[in-house]
Amino acid sequence: MTQPAGSPNRVLLINDMAGYGKVALSVMIPVFSHLKYEIFNLPTALVSNTLDYGRFEILDTTDYMRGALKAWEELGFSFDVICTGFIASKEQAELVYQYGKAQRARGTRIFVDPILGDDGKLYNGVGPESVEGMRRLCSIGDVVMPNITEACLLAGRQPQPLYNQKDLEEISAALHRLGARALVLTSVPLQGQRVTAVKPSPSRPLELLPYEEIPVRFPGTGDIFMSLTAGRCLRTGRLTESVQAAMTQVEALIRASLSSTDRYKGIPIEQLLEEIQDEKT
């Protein structure tokens with residue numbers, strides 16, 4: 001698995017790092033490494049374990065991030081791609097926005113996973129200022145990948161239990177107005193089925209990719225999905241095909257992990273990397 005000449009290779013991952021459990025940087029680094037990208041990381045928080053356990057400790061790394069970004073600027077470091085995930089505060093969102101904006105002006109491509117909430121509501125500790133910070137990040141996103149709850153929050157709409165095509169088109173239009181160039185809306189309940197909706201550009205039609213929902217929760221699957229989608233899209237330039245491939249591979253990873261006795265840990269990604277097919281064309 002080698003990179004075609006001239007393709008982006010240096011990837012900066014901005015997300016939290018869990019000490020116990022496979023989420024965020026703990027899964028993104030192995031997946032991108034398996035796909036033969038050169039990986040760098042900027043942790044937004046250090047988390048003792050996945051939050052599903054109910055007891056955890058979190059260290060906010062805003063001061064470290066500020067210092068690290070200053071050092072990188074002085075050293076002249078740059079990246080081909082930036083992927084953002086969990087942002088712990090409005091201050092962090094502004095730091096990442098300003099850095100991403102400057103990098104994008106130099107040709108860096110930016111993938112944004114605007115982590116805000118799920119199941120129709122904000123996550124605990126996430127407020128309106130976090131939503132506004134994520135809107136700022138979306139404005140510099142080449143590909144923005146919210147779940148449907150996050151998409152509604154960013155679009156200024158109330159999340160619903162069910163959506164139709166018109167709803168998705170209106171939500172997509174609102175996100176494009178924020179500045180998002182391409183969209184991937186996940187976990188969409190659409191008229192009796194679950195779909196992932198892809199909008200490769202403001203001028204392209206919405207594409208709906210149905211999938212079978214597996215009634216089990218593993219934390220970190222969204223981080224794996226983003227990594228697989230971005231990893232393949234950077235090579236092929238075909239967003240919809242990359243999303244479909246990522247959906248298939250995440251399903252395989254979930255099914256391979258169903259016998260796990262502790263699902264709070266997430267998917268044991270290092271043991272299952274052989275399930276990930278690296279398609280270069």
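Given (1) in contact with a helix residue (DSSP H, G or I) (Cβ under 9 Å, 6 or more places away or on another chain); (2) over 16 Å from residue 112 (Cα atoms); (3) assigned to a loop (DSSP other than H, G, I, E, B); (4) not small (Gly, Ala, Ser), identify the lone condition not met by residue 79.
Unmet for residue 79, out of (1) in contact with a helix residue (DSSP H, G or I) (Cβ under 9 Å, 6 or more places away or on another chain); (2) over 16 Å from residue 112 (Cα atoms); (3) assigned to a loop (DSSP other than H, G, I, E, B); (4) not small (Gly, Ala, Ser): (2).
May I ask you to list the residues in the stretch 9-66 that are within 13 Å of residue 265 (Cβ to Cβ), open to solvent by 60 Å² or more (accessible area, probe 1.4 Å) and part of a helix (DSSP H, G or I)?
51, 53
Report yes if some residue within the stretch 207-216 is over 30 Å from residue 26 (Cα atoms) and of a type in the set (D, E, K, R); otherwise report no.
yes
Could you tell me whether any residue of the stretch 61-68 is touching a residue at least 24 places away in the same chain (Cβ under 8 Å), under 22 Å from the mean Cα position of the chain (by Cα) and within 23 Å of residue 276 (Cβ to Cβ)?
no
Listed here are the residues, each with its yes/no results for (1) hydrophobic (A, V, I, L, M, F, W, C); (2) open to solvent by 60 Å² or more (accessible area, probe 1.4 Å); (3) within 23 Å of residue 150 (Cα to Cα); (4) touching a residue at least 40 places away in the same chain (Cβ under 8 Å).
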position	(1), (2), (3), (4)
72	yes, no, no, no
76	no, no, no, no
91	no, yes, yes, no
101	no, yes, yes, no
120	no, no, yes, yes
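Restricting the search to the stretch 263-278, which residues are free of Cβ contacts under 8 Å to residues at least 24 places away in the same chain and open to solvent by 80 Å² or more (accessible area, probe 1.4 Å)? Steps first, please.
Here is the first cut: in the stretch 263-278, the ones free of Cβ contacts under 8 Å to residues at least 24 places away in the same chain are 271-272, 274.
271, 274, listed by residue number.
Which one of the conditions (1) among the small types (Gly, Ala, Ser); (2) touching a Lys or Arg at 6+ places or on another chain (Cβ under 9 Å); (3) assigned to a loop (DSSP other than H, G, I, E, B) does residue 88 fail to meet, given that it meets all the rest?
(2)
Somewhere in the stretch 215-222, is a residue in a loop (DSSP other than H, G, I, E, B), touching a Ser or Thr at 6+ places or on another chain (Cβ under 7 Å) and closer than 24 Å to residue 277 by Cβ?
Within the stretch 215-222, one or more residues are in a loop (DSSP other than H, G, I, E, B), touching a Ser or Thr at 6+ places or on another chain (Cβ under 7 Å) and closer than 24 Å to residue 277 by Cβ.
Right, residue 136: among the basic types (Lys, Arg) and in contact (Cβ under 8 Å) with a residue 60 or more places away in the chain or not?
No, not satisfied.
Could you check how many residues of the stretch 121-134 are assigned to a loop (DSSP other than H, G, I, E, B) and either closer than 21 Å to residue 179 by Cα or under 18 Å from the mean Cα position of the chain (by Cα) (or both)? Don't jump to the end; show me each part of the working.
So the first thing to find is which residues in the stretch 121-134 are assigned to a loop (DSSP other than H, G, I, E, B), and the list is 123-127.
In the following step, the residues that additionally are either closer than 21 Å to residue 179 by Cα or under 18 Å from the mean Cα position of the chain (by Cα) (or both) were identified as 123, 126.
Residues meeting the conditions: 2.
Which of the residues belonging to the stretch 103-114 are open to solvent by less than 40 Å² (accessible area, probe 1.4 Å) and either outside any helix (DSSP H, G or I) or at positive phi (or both)?
Result: 108, 110, 111, 112, 113, 114.
Taking the condition closer than 26 Å to residue 272 by Cβ, of a type in the set (Val, Ile, Thr) and at pLDDT below 95, does residue 44 pass? Walk me through how you get there before you give the answer.
Numbers: closer than 26 Å to residue 272 by Cβ: yes; of a type in the set (Val, Ile, Thr): yes; at pLDDT below 95: no.
So residue 44 does not fit the description; no.
Which one is nearest to residue 112 (Cα to Cα), of the residues in the stretch 223-262 that are open to solvent by 20 Å² or more (accessible area, probe 1.4 Å), assigned to a helix (DSSP H, G or I) and hydroxyl-bearing (Ser, Thr, Tyr)?
240
If I go through the stretch 164-213 residue by residue, how many of them are closer than 16 Å to residue 118 by Cβ, open to solvent by 10 Å² or more (accessible area, probe 1.4 Å) and hydrophobic (A, V, I, L, M, F, W, C)?
Matching residues across the stretch 164-213 total 0.
Based on this model, can you work out whether residue 64 counts as in contact with a Leu (Cβ under 6 Å, 6 or more places away or on another chain) and at pLDDT 95 or above? First the steps, then the outcome.
On the way: in contact with a Leu (Cβ under 6 Å, 6 or more places away or on another chain): no; at pLDDT 95 or above: yes.
The answer is no for residue 64.
The values are calculated or read from the model by the stated rules, or taken from the named source; none is laboratory data. Since this is a predicted model, take the numbers as computed values, not measurements. Cβ: placed from backbone, ideal geometry, glycine included. Neighbour counts: every protein chain shown. Surface accessibility is based on the protein's heavy atoms, side chains included, excluding ligands, DNA and RNA. Shrake-Rupley method; radii C 1.70, N 1.55, O 1.52, S 1.80 Å.
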